[in-house]
Amino acid sequence: MRKLAQLLQQGEVSSTEIVQNYLDRIAQEEGRINAFITVDKEGALAEAAASDARRKQGEPLSPWDGIPIAVKDNICTLGVRTTCGSRMLENYVPPFDAAVVTLLKRAGLPILGKTNLDEFAMGSSTEYSAFKAVRNPHDESRVPGGSSGGSAAAVAVGEAPWALGTDTGGSIRQPAAFCGVVGLKPTYGRVSRYGLVALAPSLDQIGPIARNVGDAAVLFSLIAGPDSRDATSSSQASFRLQLEDEPFPKGLKIGVPEEYFGEGLSSEVRQAVENALSQLEALGAVLVPISLETNVYAIDTYLTIAAAEASSSLARYDGVRYGMRVEAHDTNTMFEKTRGRGFGSEVKRRIMLGTYVLSASHYEAYYEQAQRVRTLINQEVQRAFEEVDLVITPTTPTTAFRIGEKRNSLEMYLSDLYTAMANLTGIPALSMPCGLDSQGLPIGLQIMGSHFQENVVFQVAYWLENALKGGSLSNG
Ligand code: GLN
(Lines give C-alpha, C1' and ligand atoms only; values in the text may rest on other atoms or scores of the structure.)
Protein backbone atom coordinates (compact mmCIF):
# COMPACT_ATOMS: atom_id res chain seq x y z
CA MET A 1 0.00 0.00 0.00
CA ARG A 2 2.99 2.23 0.57
CA LYS A 3 3.59 2.29 -3.20
CA LEU A 4 0.01 3.34 -3.93
CA ALA A 5 0.20 6.03 -1.25
CA GLN A 6 3.40 7.31 -2.80
CA LEU A 7 1.88 7.47 -6.29
CA LEU A 8 -1.09 9.38 -4.88
CA GLN A 9 1.20 11.77 -3.09
CA GLN A 10 3.27 12.41 -6.21
CA GLY A 11 0.11 13.00 -8.23
CA GLU A 12 0.94 10.06 -10.53
CA VAL A 13 -2.50 8.60 -9.99
CA SER A 14 -5.79 9.94 -8.61
CA SER A 15 -8.12 8.34 -6.11
CA THR A 16 -10.84 8.40 -8.77
CA GLU A 17 -8.64 6.29 -11.04
CA ILE A 18 -7.82 3.83 -8.27
CA VAL A 19 -11.44 3.47 -7.20
CA GLN A 20 -12.59 3.08 -10.81
CA ASN A 21 -9.99 0.35 -11.26
CA TYR A 22 -11.33 -1.61 -8.31
CA LEU A 23 -14.93 -1.08 -9.46
CA ASP A 24 -13.95 -2.48 -12.87
CA ARG A 25 -12.32 -5.44 -11.21
CA ILE A 26 -15.49 -6.01 -9.16
CA ALA A 27 -17.60 -5.87 -12.33
CA GLN A 28 -15.28 -8.42 -13.89
CA GLU A 29 -15.03 -10.88 -10.98
CA GLU A 30 -18.29 -10.68 -9.05
CA GLY A 31 -20.22 -13.05 -11.30
CA ARG A 32 -17.66 -15.68 -10.36
CA ILE A 33 -16.84 -14.83 -6.72
CA ASN A 34 -19.96 -13.33 -4.99
CA ALA A 35 -17.81 -11.45 -2.48
CA PHE A 36 -20.10 -8.42 -2.21
CA ILE A 37 -23.68 -7.99 -1.04
CA THR A 38 -23.71 -4.28 -1.89
CA VAL A 39 -21.35 -2.37 -4.17
CA ASP A 40 -21.59 1.37 -3.47
CA LYS A 41 -20.34 2.68 -6.78
CA GLU A 42 -21.68 6.22 -6.48
CA GLY A 43 -20.63 6.58 -2.85
CA ALA A 44 -17.10 5.33 -3.51
CA LEU A 45 -16.63 7.59 -6.55
CA ALA A 46 -17.98 10.62 -4.65
CA GLU A 47 -15.57 9.94 -1.78
CA ALA A 48 -12.74 9.51 -4.30
CA ALA A 49 -13.55 12.86 -5.92
CA ALA A 50 -13.55 14.52 -2.49
CA SER A 51 -10.19 12.88 -1.77
CA ASP A 52 -8.73 14.17 -5.03
CA ALA A 53 -9.96 17.67 -4.21
CA ARG A 54 -8.30 17.50 -0.79
CA ARG A 55 -5.01 16.40 -2.36
CA LYS A 56 -5.16 19.25 -4.82
CA GLN A 57 -5.46 21.63 -1.88
CA GLY A 58 -2.46 19.92 -0.31
CA GLU A 59 -4.64 18.72 2.56
CA PRO A 60 -4.87 14.92 2.52
CA LEU A 61 -6.39 13.48 5.69
CA SER A 62 -3.70 10.77 5.98
CA PRO A 63 -1.09 9.09 3.75
CA TRP A 64 -3.86 6.60 2.81
CA ASP A 65 -6.39 9.26 1.78
CA GLY A 66 -8.03 8.03 -1.42
CA ILE A 67 -7.17 4.32 -1.10
CA PRO A 68 -10.47 2.41 -1.00
CA ILE A 69 -11.59 -0.43 1.26
CA ALA A 70 -14.34 -3.06 1.53
CA VAL A 71 -16.28 -3.52 4.77
CA LYS A 72 -17.99 -6.67 6.07
CA ASP A 73 -21.74 -6.34 5.96
CA ASN A 74 -22.28 -6.64 9.72
CA ILE A 75 -20.55 -3.30 10.32
CA CYS A 76 -22.92 -0.32 10.16
CA THR A 77 -22.47 2.24 7.40
CA LEU A 78 -24.52 5.43 7.41
CA GLY A 79 -26.93 5.43 4.49
CA VAL A 80 -25.60 2.15 3.05
CA ARG A 81 -27.61 -1.05 3.54
CA THR A 82 -26.18 -3.36 6.22
CA THR A 83 -27.74 -6.81 5.94
CA CYS A 84 -25.62 -9.16 8.09
CA GLY A 85 -26.25 -11.68 5.31
CA SER A 86 -29.80 -12.08 6.63
CA ARG A 87 -33.30 -11.66 5.24
CA MET A 88 -34.11 -10.08 8.59
CA LEU A 89 -31.99 -7.02 7.74
CA GLU A 90 -32.24 -7.21 3.95
CA ASN A 91 -33.44 -3.62 3.72
CA TYR A 92 -31.89 -2.17 6.85
CA VAL A 93 -30.10 1.14 6.25
CA PRO A 94 -28.25 2.31 9.38
CA PRO A 95 -28.68 5.91 10.48
CA PHE A 96 -25.09 5.99 11.77
CA ASP A 97 -21.54 4.81 11.08
CA ALA A 98 -19.76 2.22 13.20
CA ALA A 99 -16.77 3.66 15.07
CA VAL A 100 -14.34 1.90 12.72
CA VAL A 101 -16.14 3.32 9.68
CA THR A 102 -15.87 6.83 11.12
CA LEU A 103 -12.14 6.23 11.58
CA LEU A 104 -11.74 5.00 7.99
CA LYS A 105 -13.58 8.06 6.71
CA ARG A 106 -11.45 10.32 8.88
CA ALA A 107 -8.39 8.84 7.17
CA GLY A 108 -10.02 9.48 3.77
CA LEU A 109 -10.72 5.89 2.67
CA PRO A 110 -13.58 5.53 0.14
CA ILE A 111 -15.78 2.50 0.87
CA LEU A 112 -16.27 0.25 -2.16
CA GLY A 113 -19.10 -1.76 -0.66
CA LYS A 114 -20.23 -4.32 1.87
CA THR A 115 -18.96 -7.88 1.78
CA ASN A 116 -20.81 -11.16 2.00
CA LEU A 117 -20.83 -13.32 5.15
CA ASP A 118 -22.55 -16.21 6.87
CA GLU A 119 -25.85 -14.99 8.32
CA PHE A 120 -25.11 -12.88 11.42
CA ALA A 121 -21.49 -14.13 11.17
CA MET A 122 -22.43 -17.66 12.24
CA GLY A 123 -20.48 -20.08 10.08
CA SER A 124 -17.17 -21.00 8.53
CA SER A 125 -17.88 -21.03 4.79
CA THR A 126 -20.37 -18.23 3.83
CA GLU A 127 -22.73 -21.01 2.76
CA TYR A 128 -25.11 -19.75 5.47
CA SER A 129 -25.43 -16.34 3.80
CA ALA A 130 -29.13 -15.81 3.04
CA PHE A 131 -28.21 -14.43 -0.38
CA LYS A 132 -25.40 -16.43 -2.03
CA ALA A 133 -22.25 -18.37 -1.19
CA VAL A 134 -18.86 -16.78 -1.85
CA ARG A 135 -16.43 -18.80 -3.97
CA ASN A 136 -12.76 -19.23 -3.23
CA PRO A 137 -10.74 -17.38 -5.91
CA HIS A 138 -8.11 -20.16 -5.86
CA ASP A 139 -10.72 -22.80 -6.74
CA GLU A 140 -14.32 -21.83 -7.38
CA SER A 141 -15.65 -25.19 -6.29
CA ARG A 142 -14.38 -24.45 -2.80
CA VAL A 143 -15.46 -22.17 0.04
CA PRO A 144 -13.46 -19.06 0.96
CA GLY A 145 -13.99 -19.80 4.67
CA GLY A 146 -16.23 -17.75 6.89
CA SER A 147 -17.80 -15.86 8.21
CA SER A 148 -15.70 -13.02 6.70
CA GLY A 149 -15.42 -14.99 3.44
CA GLY A 150 -16.50 -12.05 1.29
CA SER A 151 -13.81 -9.77 2.71
CA ALA A 152 -11.06 -12.39 2.35
CA ALA A 153 -12.08 -13.38 -1.19
CA ALA A 154 -12.42 -9.74 -2.30
CA VAL A 155 -8.87 -9.00 -1.13
CA ALA A 156 -7.47 -12.24 -2.57
CA VAL A 157 -8.96 -11.66 -6.03
CA GLY A 158 -8.06 -7.96 -6.10
CA GLU A 159 -11.58 -6.52 -5.85
CA ALA A 160 -10.36 -4.45 -2.90
CA PRO A 161 -6.85 -3.65 -1.68
CA TRP A 162 -7.84 -4.42 1.92
CA ALA A 163 -10.97 -5.02 3.96
CA LEU A 164 -12.48 -5.19 7.42
CA GLY A 165 -13.69 -8.49 8.84
CA THR A 166 -14.98 -9.61 12.22
CA ASP A 167 -13.87 -12.55 14.32
CA THR A 168 -15.85 -14.23 17.11
CA GLY A 169 -14.42 -17.75 16.90
CA GLY A 170 -12.13 -17.55 13.87
CA SER A 171 -14.07 -15.60 11.26
CA ILE A 172 -11.16 -13.38 10.14
CA ARG A 173 -8.33 -15.91 10.44
CA GLN A 174 -9.94 -18.98 8.88
CA PRO A 175 -11.06 -17.20 5.67
CA ALA A 176 -7.69 -15.41 5.52
CA ALA A 177 -6.01 -18.83 5.67
CA PHE A 178 -8.30 -20.33 3.01
CA CYS A 179 -7.85 -17.38 0.63
CA GLY A 180 -4.10 -16.85 1.09
CA VAL A 181 -4.25 -13.40 2.69
CA VAL A 182 -3.31 -11.89 6.07
CA GLY A 183 -5.92 -11.36 8.80
CA LEU A 184 -5.69 -10.21 12.40
CA LYS A 185 -8.09 -10.71 15.29
CA PRO A 186 -6.97 -7.93 17.62
CA THR A 187 -6.80 -8.07 21.41
CA TYR A 188 -10.33 -7.92 22.83
CA GLY A 189 -11.13 -4.26 23.53
CA ARG A 190 -8.50 -2.79 21.23
CA VAL A 191 -10.92 -1.96 18.41
CA SER A 192 -14.29 -0.39 19.18
CA ARG A 193 -17.32 -2.61 18.60
CA TYR A 194 -19.63 0.41 18.44
CA GLY A 195 -21.78 -0.13 15.35
CA LEU A 196 -20.78 -3.77 14.89
CA VAL A 197 -23.95 -5.87 14.84
CA ALA A 198 -23.42 -8.13 17.85
CA LEU A 199 -23.08 -11.89 17.53
CA ALA A 200 -21.41 -12.69 20.88
CA PRO A 201 -20.23 -9.43 22.47
CA SER A 202 -17.69 -11.02 24.86
CA LEU A 203 -15.89 -12.61 21.88
CA ASP A 204 -16.45 -10.29 18.88
CA GLN A 205 -13.62 -8.15 17.47
CA ILE A 206 -13.24 -6.23 14.21
CA GLY A 207 -9.91 -6.58 12.42
CA PRO A 208 -7.96 -6.03 9.20
CA ILE A 209 -7.66 -8.35 6.19
CA ALA A 210 -4.92 -7.46 3.68
CA ARG A 211 -2.60 -8.88 1.04
CA ASN A 212 0.50 -8.66 3.19
CA VAL A 213 1.60 -8.14 6.78
CA GLY A 214 2.62 -4.50 6.30
CA ASP A 215 -0.80 -3.50 4.93
CA ALA A 216 -2.59 -5.35 7.72
CA ALA A 217 -0.50 -3.43 10.27
CA VAL A 218 -1.35 -0.10 8.62
CA LEU A 219 -5.07 -0.88 8.55
CA PHE A 220 -4.95 -2.03 12.16
CA SER A 221 -3.31 1.27 13.15
CA LEU A 222 -6.21 3.13 11.50
CA ILE A 223 -8.92 1.34 13.52
CA ALA A 224 -7.30 0.64 16.92
CA GLY A 225 -7.84 2.92 19.89
CA PRO A 226 -10.13 3.71 22.78
CA ASP A 227 -13.80 4.63 22.30
CA SER A 228 -16.13 5.73 25.08
CA ARG A 229 -19.15 4.38 23.18
CA ASP A 230 -17.98 0.77 23.62
CA ALA A 231 -18.02 -0.16 27.31
CA THR A 232 -15.45 -2.92 26.71
CA SER A 233 -13.07 -0.66 24.81
CA SER A 234 -9.63 -0.56 26.39
CA SER A 235 -7.91 2.69 27.23
CA GLN A 236 -4.72 1.17 25.80
CA ALA A 237 -3.01 3.62 23.47
CA SER A 238 -3.53 3.32 19.75
CA PHE A 239 -1.19 1.23 17.67
CA ARG A 240 1.86 2.52 15.78
CA LEU A 241 4.60 0.41 14.30
CA GLN A 242 7.25 1.01 11.67
CA LEU A 243 7.84 -2.59 10.63
CA GLU A 244 10.78 -1.93 8.33
CA ASP A 245 12.88 -0.41 11.08
CA GLU A 246 12.58 -3.28 13.51
CA PRO A 247 15.32 -5.91 13.68
CA PHE A 248 14.31 -9.52 14.27
CA PRO A 249 13.90 -9.99 18.03
CA LYS A 250 16.68 -12.55 18.51
CA GLY A 251 16.13 -15.03 21.32
CA LEU A 252 12.38 -14.57 21.08
CA LYS A 253 10.64 -17.61 22.54
CA ILE A 254 8.01 -19.20 20.34
CA GLY A 255 5.73 -21.77 21.98
CA VAL A 256 4.66 -24.69 19.82
CA PRO A 257 1.70 -26.43 21.48
CA GLU A 258 1.58 -30.16 20.75
CA GLU A 259 -2.23 -30.20 20.98
CA TYR A 260 -2.40 -28.11 17.80
CA PHE A 261 -0.43 -30.64 15.81
CA GLY A 262 -2.43 -33.74 16.66
CA GLU A 263 -5.30 -35.70 15.18
CA GLY A 264 -7.23 -34.11 12.33
CA LEU A 265 -4.34 -31.97 11.07
CA SER A 266 -3.57 -32.49 7.40
CA SER A 267 0.02 -33.59 6.81
CA GLU A 268 0.56 -30.89 4.18
CA VAL A 269 -0.56 -28.15 6.56
CA ARG A 270 1.69 -29.56 9.27
CA GLN A 271 4.65 -29.64 6.93
CA ALA A 272 4.20 -26.04 5.79
CA VAL A 273 3.89 -24.77 9.37
CA GLU A 274 6.91 -26.77 10.51
CA ASN A 275 8.92 -25.40 7.62
CA ALA A 276 7.95 -21.84 8.63
CA LEU A 277 8.96 -22.60 12.21
CA SER A 278 12.42 -23.67 11.10
CA GLN A 279 12.76 -20.46 9.11
CA LEU A 280 12.03 -18.52 12.30
CA GLU A 281 14.55 -20.60 14.18
CA ALA A 282 17.12 -19.73 11.52
CA LEU A 283 16.34 -16.04 12.06
CA GLY A 284 17.16 -16.40 15.74
CA ALA A 285 13.94 -17.48 17.45
CA VAL A 286 13.94 -20.21 20.08
CA LEU A 287 11.25 -22.87 19.62
CA VAL A 288 9.77 -24.11 22.88
CA PRO A 289 7.50 -27.19 22.91
CA ILE A 290 4.55 -26.34 25.16
CA SER A 291 1.22 -27.84 26.07
CA LEU A 292 -2.19 -26.14 25.85
CA GLU A 293 -4.27 -29.10 26.90
CA THR A 294 -7.44 -27.13 27.63
CA ASN A 295 -7.76 -26.51 23.89
CA VAL A 296 -9.74 -29.76 23.61
CA TYR A 297 -12.55 -27.90 25.40
CA ALA A 298 -12.27 -24.71 23.33
CA ILE A 299 -14.91 -25.48 20.70
CA ASP A 300 -17.55 -26.71 23.15
CA THR A 301 -16.94 -23.78 25.45
CA TYR A 302 -16.96 -21.34 22.58
CA LEU A 303 -20.20 -22.70 21.12
CA THR A 304 -22.01 -22.68 24.45
CA ILE A 305 -21.04 -19.11 25.26
CA ALA A 306 -21.43 -17.83 21.70
CA ALA A 307 -24.90 -19.38 21.36
CA ALA A 308 -26.00 -18.02 24.74
CA GLU A 309 -24.88 -14.52 23.83
CA ALA A 310 -26.31 -14.79 20.31
CA SER A 311 -29.73 -15.80 21.61
CA SER A 312 -29.70 -12.65 23.70
CA SER A 313 -28.20 -10.36 21.01
CA LEU A 314 -30.74 -11.51 18.42
CA ALA A 315 -33.76 -10.98 20.67
CA ARG A 316 -33.90 -7.40 19.38
CA TYR A 317 -35.19 -8.52 15.97
CA ASP A 318 -38.83 -8.49 16.92
CA GLY A 319 -40.46 -6.96 13.85
CA VAL A 320 -40.86 -3.66 15.68
CA ARG A 321 -37.54 -1.92 15.95
CA TYR A 322 -35.30 -3.17 13.18
CA GLY A 323 -35.61 -4.83 9.83
CA MET A 324 -38.22 -7.27 8.61
CA ARG A 325 -41.80 -7.35 9.85
CA VAL A 326 -44.40 -9.91 8.79
CA GLU A 327 -47.87 -8.53 9.60
CA ALA A 328 -50.33 -10.68 11.56
CA HIS A 329 -53.54 -10.24 13.51
CA ASP A 330 -51.84 -10.15 16.90
CA THR A 331 -48.42 -9.23 18.26
CA ASN A 332 -47.26 -12.73 19.19
CA THR A 333 -48.07 -14.10 15.77
CA MET A 334 -46.36 -11.13 14.12
CA PHE A 335 -43.31 -11.82 16.29
CA GLU A 336 -43.31 -15.55 15.45
CA LYS A 337 -43.81 -15.06 11.74
CA THR A 338 -41.18 -12.34 11.50
CA ARG A 339 -38.53 -14.41 13.29
CA GLY A 340 -39.63 -17.60 11.56
CA ARG A 341 -39.20 -16.08 8.13
CA GLY A 342 -36.39 -13.62 8.84
CA PHE A 343 -33.81 -16.04 10.24
CA GLY A 344 -32.14 -18.94 8.45
CA SER A 345 -31.78 -22.39 9.98
CA GLU A 346 -28.27 -22.04 11.45
CA VAL A 347 -29.31 -18.83 13.22
CA LYS A 348 -32.42 -20.55 14.59
CA ARG A 349 -30.33 -23.50 15.74
CA ARG A 350 -28.03 -21.19 17.71
CA ILE A 351 -30.92 -19.23 19.21
CA MET A 352 -32.49 -22.49 20.42
CA LEU A 353 -29.19 -23.80 21.71
CA GLY A 354 -28.48 -20.51 23.47
CA THR A 355 -31.93 -20.29 25.00
CA TYR A 356 -31.57 -23.87 26.22
CA VAL A 357 -28.18 -23.36 27.92
CA LEU A 358 -29.48 -20.19 29.58
CA SER A 359 -32.77 -21.72 30.77
CA ALA A 360 -33.25 -21.91 34.54
CA SER A 361 -32.99 -25.71 34.68
CA HIS A 362 -29.85 -26.00 32.53
CA TYR A 363 -28.00 -22.78 33.28
CA GLU A 364 -25.65 -24.29 35.83
CA ALA A 365 -24.91 -27.45 33.86
CA TYR A 366 -24.07 -25.66 30.60
CA TYR A 367 -23.65 -21.89 30.65
CA GLU A 368 -22.05 -21.61 34.06
CA GLN A 369 -19.92 -24.67 33.40
CA ALA A 370 -18.71 -23.14 30.13
CA GLN A 371 -17.74 -19.97 31.97
CA ARG A 372 -15.74 -22.03 34.47
CA VAL A 373 -13.93 -23.81 31.67
CA ARG A 374 -13.30 -20.45 30.00
CA THR A 375 -11.53 -19.40 33.21
CA LEU A 376 -9.38 -22.55 33.14
CA ILE A 377 -8.47 -21.91 29.51
CA ASN A 378 -7.56 -18.33 30.42
CA GLN A 379 -5.34 -19.49 33.26
CA GLU A 380 -3.54 -21.98 31.07
CA VAL A 381 -2.94 -19.42 28.31
CA GLN A 382 -1.71 -16.89 30.84
CA ARG A 383 0.76 -19.43 32.22
CA ALA A 384 1.97 -20.19 28.70
CA PHE A 385 2.76 -16.53 28.07
CA GLU A 386 4.85 -16.40 31.23
CA GLU A 387 7.08 -18.93 29.52
CA VAL A 388 7.01 -17.82 25.86
CA ASP A 389 6.55 -14.58 23.88
CA LEU A 390 4.40 -15.96 21.06
CA VAL A 391 2.56 -19.15 20.22
CA ILE A 392 2.56 -20.46 16.65
CA THR A 393 0.11 -23.03 15.26
CA PRO A 394 -1.67 -23.87 12.02
CA THR A 395 -4.72 -21.60 11.52
CA THR A 396 -6.92 -24.46 10.32
CA PRO A 397 -6.62 -28.26 10.28
CA THR A 398 -7.08 -28.40 6.48
CA THR A 399 -7.06 -26.14 3.45
CA ALA A 400 -10.33 -24.87 1.87
CA PHE A 401 -13.05 -27.51 1.67
CA ARG A 402 -15.57 -27.91 -1.12
CA ILE A 403 -18.87 -26.04 -1.27
CA GLY A 404 -21.47 -28.45 0.11
CA GLU A 405 -18.87 -30.76 1.64
CA LYS A 406 -19.70 -30.14 5.30
CA ARG A 407 -23.15 -31.59 5.54
CA ASN A 408 -23.97 -30.72 9.15
CA SER A 409 -23.22 -27.99 11.61
CA LEU A 410 -21.08 -30.16 13.86
CA GLU A 411 -18.58 -30.75 11.06
CA MET A 412 -18.60 -27.04 10.30
CA TYR A 413 -17.92 -26.16 13.95
CA LEU A 414 -14.64 -28.13 13.84
CA SER A 415 -13.24 -25.42 11.54
CA ASP A 416 -12.67 -23.35 14.70
CA LEU A 417 -10.49 -25.99 16.36
CA TYR A 418 -7.35 -23.82 16.43
CA THR A 419 -8.89 -20.34 16.44
CA ALA A 420 -11.54 -20.26 19.21
CA MET A 421 -8.99 -20.17 22.03
CA ALA A 422 -7.84 -16.66 21.12
CA ASN A 423 -11.43 -15.38 21.28
CA LEU A 424 -12.14 -17.07 24.61
CA THR A 425 -9.01 -15.51 26.12
CA GLY A 426 -9.05 -12.18 24.27
CA ILE A 427 -5.47 -12.45 22.98
CA PRO A 428 -4.43 -11.16 19.53
CA ALA A 429 -4.01 -13.74 16.77
CA LEU A 430 -2.91 -13.31 13.17
CA SER A 431 -3.17 -15.67 10.23
CA MET A 432 -0.72 -15.42 7.33
CA PRO A 433 -0.01 -17.57 4.28
CA CYS A 434 2.86 -20.05 4.68
CA GLY A 435 2.65 -22.05 1.47
CA LEU A 436 0.38 -24.02 -0.84
CA ASP A 437 -0.77 -27.62 -0.68
CA SER A 438 -0.40 -30.07 -3.58
CA GLN A 439 -3.66 -28.74 -5.08
CA GLY A 440 -2.41 -25.17 -5.06
CA LEU A 441 -4.58 -24.14 -2.11
CA PRO A 442 -3.22 -21.65 0.44
CA ILE A 443 -2.12 -22.82 3.89
CA GLY A 444 -2.44 -20.48 6.89
CA LEU A 445 -0.17 -20.13 9.91
CA GLN A 446 -1.42 -18.57 13.15
CA ILE A 447 0.65 -16.34 15.44
CA MET A 448 -0.86 -15.66 18.86
CA GLY A 449 0.53 -13.07 21.23
CA SER A 450 -0.10 -11.97 24.77
CA HIS A 451 -2.75 -9.24 25.34
CA PHE A 452 -1.89 -5.99 23.52
CA GLN A 453 1.28 -7.49 22.00
CA GLU A 454 0.17 -6.94 18.39
CA ASN A 455 3.48 -5.20 17.73
CA VAL A 456 5.48 -8.40 18.40
CA VAL A 457 2.96 -10.47 16.41
CA PHE A 458 3.27 -8.17 13.40
CA GLN A 459 7.04 -7.93 13.66
CA VAL A 460 7.54 -11.68 13.58
CA ALA A 461 4.92 -12.10 10.85
CA TYR A 462 6.74 -9.51 8.78
CA TRP A 463 10.09 -11.30 9.11
CA LEU A 464 8.50 -14.65 8.38
CA GLU A 465 6.75 -13.28 5.30
CA ASN A 466 10.09 -12.10 3.94
CA ALA A 467 11.86 -15.31 4.83
CA LEU A 468 9.18 -17.38 3.06
CA LYS A 469 9.50 -15.19 -0.02
CA GLY A 470 13.22 -15.87 0.10
CA GLY A 471 13.51 -12.14 0.76
CA SER A 472 16.80 -10.34 1.02
CA LEU A 473 16.19 -8.72 4.43
CA SER A 474 19.37 -9.00 6.43
CA ASN A 475 19.03 -10.35 9.91
CA GLY A 476 19.29 -7.37 12.23
N1 GLN B 1 -17.17 -20.34 12.75
C2 GLN B 1 -17.51 -19.76 14.02
C3 GLN B 1 -19.00 -19.82 14.23
O4 GLN B 1 -19.66 -20.32 13.39
C5 GLN B 1 -16.96 -18.40 14.09
C6 GLN B 1 -17.87 -17.33 13.69
C7 GLN B 1 -17.24 -15.99 13.84
O8 GLN B 1 -16.08 -15.88 14.22
N9 GLN B 1 -18.03 -14.96 13.60
O10 GLN B 1 -19.48 -19.43 15.23
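The values are calculated or read from the model by the stated rules, or taken from the named source; none is laboratory data. Everything numeric here is computed off the predicted structure, so don't read it as measured data. All Cβ positions, even for glycine, are placed from backbone atoms using ideal geometry, and neighbour counts span all protein chains on display. The protein model used for the area step is the full one, side chains on, heavy atoms only, and it has no ligands, DNA or RNA in it. Shrake-Rupley method; radii C 1.70, N 1.55, O 1.52, S 1.80 Å.
Classification of region 340-451 by its C-alpha gyration tensor yields an oblate form. The axis ratio a/c (a ≥ b ≥ c) is 1.5 or more, and b/c is at least a/b.
Considering only alpha-carbon pairs that sit under 8 angstrom and 6 or more positions apart, the relative contact order computed for the chain is 17 percent. Straight-line cross-link reach from K253 at under 29 Å between alpha-carbon atoms covers these lysines, not counting any fewer than eight positions away in the same chain: K185, K469. Sorting the segments 250-262, 386-398 by their mean number of nearby beta carbons within 10 angstrom, highest to lowest, gives 386-398, 250-262. The distance between label points at Q10 and D330 comes to 7.3 nm (points 7 Å beyond Cα on the Cα→Cβ vector).
Distance distribution note for the chain: the fraction of Cα pairs above 30 angstrom is 42%. In this structure, the amide hydrogen of G66, modeled 1.01 Å from its nitrogen in the peptide plane, lies closer than 5 angstrom to those of L109, counting only residues at least 5 positions away or on a different chain. For region 72-140, GluC sites (Glu not before Pro) meeting the loop criterion (DSSP other than H, G, I, E, B) and having at most 16 other Cβ atoms within 10 Å: E90, E140. Distances between placed amide hydrogens fall under 5 Å for V326 paired with T338, all partners being 5 or more residues away or on another chain. Annotation note: trypsin sites (Lys or Arg not before Pro) in region 294-333 located in DSSP loop regions with a Cβ neighbour count of at most 12 within 10 Å are R321. Between E258 and T355, residue separation times 0.36 nm minus the direct Cα-Cα distance comes to 31.4 nm. Expressed as a fraction of 2.2 N^0.38 Å, the C-alpha radius of gyration for region 35-120 is 1.12.
Counting only Cα atoms, region 118-215 measures 35, 33, 18 Å along its principal axes, largest extent leading.
For region 203-286, the calculated P(r), taken from all Cα-Cα distances in 5 Å bins from zero up to the bin holding the longest distance, is 3, 11, 13, 14, 17, 19, 13, 8, 2, 0 percent. Of all beta bridges that DSSP places with both ends in the chain, some 70 percent have antiparallel geometry. Each Lys and Arg Cβ is given +1 and each Asp and Glu Cβ -1; about its Cα centre, the chain then shows a dipole of about 880 debye.
Under the combined filter of DSSP loop state and at most 14 neighbouring Cβ atoms within 10 Å, region 261-310 retains these GluC sites (Glu not before Pro): E263.
Restricting attention to region 19-164, lysine pairs at least eight places apart or on different chains and with alpha-carbon atoms under 25 angstrom apart total 11. For region 254-259, putting each phi into the Karplus relation 6.51 cos²θ - 1.76 cosθ + 1.60 with θ = phi - 60° gives couplings of 10, x, 10, x, 4, 5 Hz, in residue order, rounded to whole numbers and with x for Gly and Pro. In order along region 333-338, the phi-based Karplus estimate (6.51 cos²θ - 1.76 cosθ + 1.60, θ = phi - 60°) of 3J(HN,Hα) comes to 5, 4, 4, 4, 5, 4 Hz; Gly and Pro are listed as x. With the whole protein complex present, R339 retains an accessible surface near 40 Å², based on a 1.4 Å probe. For region 286-354, the fraction of C-alpha pairs farther apart than 14 angstrom is 67 percent.
Only protein heavy atoms count here; on that basis, with a 1.4 Å probe, S267 has an accessible area of about 80 Å².
Assuming R0 = 25 Å, can you tell me the calculated FRET efficiency for the pair S438 and E411, based on Cβ-Cβ distance, to the nearest 0.05?
It comes to 0.65.
Packing-based ranking of 205-213, 436-444 yields 205-213, 436-444, ordered from highest to lowest mean Cβ neighbour count within 10 Å.
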